[in-house]
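The values are calculated or read from the model by the stated rules, or taken from the named source; none is laboratory data. If you're wondering where the values come from, they're calculated on a predicted model, not measured in any experiment. Every residue, glycine as well, gets a Cβ built from its backbone with ideal geometry; the counts of neighbours run over all protein chains shown. Only protein heavy atoms, including side chains, enter the accessible area calculation; ligands, DNA and RNA are left aside. Shrake-Rupley method; radii C 1.70, N 1.55, O 1.52, S 1.80 Å.
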Number of protein chains: 2
Amino acid sequence: MSALDRFSIVLVGTTHPGNIGAAARAMKTMGLTRLKLVNPAHFPSAEATARASGADDVLARCEVFDSLADALADVRWAVATTARDRELQWPQYTPRRFAEHSFAELPGVDVAVVFGRESSGLSNDELNLCNAALRIPANPQYSSLNLAMAVQLVAYELSQNAPTQAAPPASVDPLATQIELGRLNEHLLSVMAQVGYYDPERPKMLVKRLRRMLAKAGLTTSEVRILRGLLTAVSARNES
Amino acid sequence: MSALDRFSIVLVGTTHPGNIGAAARAMKTMGLTRLKLVNPAHFPSAEATARASGADDVLARCEVFDSLADALADVRWAVATTARDRELQWPQYTPRRFAEHSFAELPGVDVAVVFGRESSGLSNDELNLCNAALRIPANPQYSSLNLAMAVQLVAYELSQNAPTQAAPPASVDPLATQIELGRLNEHLLSVMAQVGYYDPERPKMLVKRLRRMLAKAGLTTSEVRILRGLLTAVSARNES
């Protein structure tokens, strides 16, 4: 059991199988082993295996999912890698700060680092499943990092910052899972509809902003329970 | 003129032209532009250009030499990357320490980072032309970093440690003030009382936990406004 076992790398919609193999190799050089693929264009693939070099065991054990939501079902904290600086309202980490944060503030938590498609990155719906953004500082005139290179840099920072001693035990009140957060979000939306609360000028924007806010808030399982209790009370009052 | 212009990447005896292209791309993403090739097996090469993606300008301007001695003729400090720990008598840097050292102790000096052949690394004669060793910390069970990945990590550390320019601009939606958070908290408590929501076993604990949750959530001013709008809507419904 290594301090890095709780970290997974999630590749969404990867087009080039060579990148999957190169990512597996990059992971293994830094001691990461958990790879998840969401709708890869080609997998398994001889090219992926070739590029993985001696890291084909990482490929052999990887999991394949139909959606990012499925891949993150049992993950408690997910960062979305992004090349752009657009997510102003969202916590944004560099690879180093992300690694430091993971070991200092999220001990024992299952953490996922999500990488989007080579050409188009992650959709907004996919971004909204993540708790924060990770941006690799790059040349503003040419920030086009290869996918596997980005995996290498993140894996390197995790490896560099991993504690050498045993990890502290997981929190007694762990961060809520993505499933719990999704249910809270649904509950909140239903109560909002019930009480007639919406922004008449941009209702969709409001829904998105609430989801983003919940994702970044770092709610624990018991906090989600408290909030849902409150929503149930509000709802019951309005029905009676 | 950038703080990184004095750093060159030297690839010795590279076998696979794709690695030269990928190295050029890796360099450019981190703002490095000076590439030197010593006896490449194939160069120029269509595969190198393809893998360089938008960094073909780095390839176009690279210099090709017959020996490492020639490539280092005008270099004042050179580090040899090595996967092994064998050079015990030699100063040995991690990428981070190397970058810190270069900016703190070697200001304005032309520095080269030398990468050996994919299979066999650097000869002892080549190592002896260098001033120090640079070893990338890796998984002891699998330290087989791809050549271009190693270039990416070194370029990243140089870029990360380069003296910084102006600070980033302030966010357009700043974090909520303590006053705004306090008002949100009061508002939430009044609606909780109105709808009869409380934890019958430990009401004070609940109040404390909600306050803690709001404090850590990193809410912005506009998010506080949205939440208070929702609370007002809930409240109005219950009064009517």
Query - Identity of the residue in the range A:116-148, without any contact (Cβ under 8 Å) to a residue 40 or more places away in the chain and not in a loop (DSSP other than H, G, I, E, B), that ends up farthest from A:ALA41 (Cα to Cα) - result: A:ASN139
Report task. State whether one or more residues within the range B:92-109 are closer than 15 Å to B:VAL10 by Cβ, touching a Gly at 6+ places or on another chain (Cβ under 9 Å) and open to solvent by less than 70 Å² (accessible area, probe 1.4 Å). Result -> no
Query raised in the report: Does A:PHE115 qualify as being at pLDDT 90 or above, over 15 Å from the mean Cα position of the chain (by Cα) and away from chain B (no Cβ under 14 Å)?
Result: no
Query - Only one of B:ALA80, B:ALA69, B:ALA41, B:ALA73 that is more than 17 Å from B:GLY13 (Cα to Cα) and of a type in the set (A, V, I, L, M, F, W, C) - result: B:ALA73
Query - When residues of the range B:186-207 are limited to those that are outside any helix (DSSP H, G or I) and of a type in the set (Asp, Glu), the one most open to solvent (accessible area, probe 1.4 Å) - result: B:GLU201
Query raised in the report: Does A:LEU68 satisfy the condition of being at pLDDT below 95 and of a type in the set (A, V, I, L, M)?
Result: no
Query raised in the report: So, in the range A:208-240, of the ones that are in a helix (DSSP H, G or I), β-branched (Val, Ile, Thr) and within 19 Å of B:LYS208 (Cα to Cα), which residue ends up farthest from the other protein chains (Cβ to nearest Cβ)?
Result: A:THR221
Report task. Please work out which one of (1) open to solvent by 70 Å² or more (accessible area, probe 1.4 Å); (2) within 14 Å of chain A (Cβ to nearest Cβ); (3) among the acidic types (Asp, Glu) is the condition B:ASP74 fails and give its number. Result -> (2)
Requested in this report: Starting from residues that are closer than 20 Å to B:ALA150 by Cα and facing chain B (nearest Cβ under 10 Å), keep the ones in the range A:34-57 and report whichever is surrounded by the most Cβ atoms within 10 Å (Cβ to Cβ).
Outcome: A:ALA55
Query raised in the report: Can we say A:LEU153 is in contact (Cβ under 8 Å) with a residue 24 or more places away in the chain and either under 16 Å from the mean Cα position of the chain (by Cα) or more than 13 Å from chain B (Cβ to nearest Cβ) (or both)?
Result: no
